[in-house]
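Engineer: Right, I'll just put the structure down here and ask away after.
Derivation of every value follows stated rules applied to the coordinates shown; laboratory data play no part. Just so it is clear, the structure is predicted and the values come from calculations on it, not from any experiment. Using ideal geometry, Cβ is built from the backbone for each residue, glycine included, and neighbour counts are taken over all protein chains shown.
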Amino acid sequence: AVTAPTMRVEVAYAGPEGQWVLKLDVPVGTTLAQAIEASGIRRHIPQVVVGDGNVGVFSRPRRLDAVLE
């Protein structure tokens, strides 16, 4: 079986609840929203709000539909 190429990403959160970082491998072409969902952060911090206005890559604001590189 041929496996799709993957890349390593880190999903990080810092807030009043503390800091949370998870490294995971995602398929090439994954969007920011998909990586956040795959990280499971909402299970650990249910009150986290994920939206175009409060997510980013390397501290630069990005939209949830941005494809990770």
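Engineer: Quick one: if the Förster radius is 30 Å, what FRET efficiency do residue 50 and residue 4 give, using the C-beta to C-beta distance and rounding to 0.05? Intermediate results must be reported in sequence, preceding the final value.
Structural biologist: Numbers: r = 25 Å, r/R0 = 0.82.
That pair, residue 50 with residue 4, gives E of 0.75.
Engineer: Next question. At 222 nm, what helix-only mean residue ellipticity would the chain give, in deg cm²/dmol to the nearest 500, using -39500 (n - 2.57) for each DSSP H run of four or more?
Structural biologist: Values: 2 runs with 12 residues, N = 69.
That comes out to -4000 deg cm²/dmol.
Engineer: Give me, ordered by chain and number, the residues 5 or more places off residue 57 or on other chains with an amide H under 5 Å from its own placed amide H.
Structural biologist: 62
Engineer: ³J(HN,Hα) across region 34-47 via Karplus (A = 6.51, B = -1.76, C = 1.60, θ = phi - 60°), whole Hz, x for Gly/Pro?
Structural biologist: Coupling constants for region 34-47: 5, 5, 4, 5, 5, 5, x, 4, 5, 6, 8, 10, x, 7 Hz.
Engineer: Provide the gained length on full extension for the span residue 63 to residue 19, in nm with one decimal, where the gain is 0.36 nm per separating residue minus the Cα-Cα distance. Mind dumping the intermediate values first?
Structural biologist: Details: separation 44, 0.36 × 44 = 15.84 nm, distance 2.18 nm.
Taking 0.36 nm per residue and subtracting the Cα distance, the gain is 13.7 nm.
Engineer: Please compute the length gained on full extension between residue 43 and residue 12, using 0.36 nm multiplied by the number of residues separating them and subtracting their Cα-Cα distance. Walk me through the numbers before you get to the answer.
Structural biologist: Values: separation 31, 0.36 × 31 = 11.16 nm, distance 1.39 nm.
Gain on extension, residue 43 to residue 12, equals 9.8 nm.
Engineer: In whole Å, what three semi-axes, largest first, describe the equivalent ellipsoid of the chain built from its Cα gyration tensor (square root of 5 times each eigenvalue)? Could you put the intermediate results ahead of the total?
Structural biologist: Values: eigenvalues 95, 39, 20 Å².
Equivalent ellipsoid of the chain: 22, 14, 10 Å, largest first.
Engineer: Mind checking the dipole of the chain: about its Cα centre, +1 per Lys or Arg Cβ, -1 per Asp or Glu Cβ, Debye to the nearest 20? Mind showing how you got there, number by number?
Structural biologist: Working: 7 positive and 7 negative charges, 13 e Å.
Taking the Cα centre of the chain as origin, the dipole is about 60 debye.
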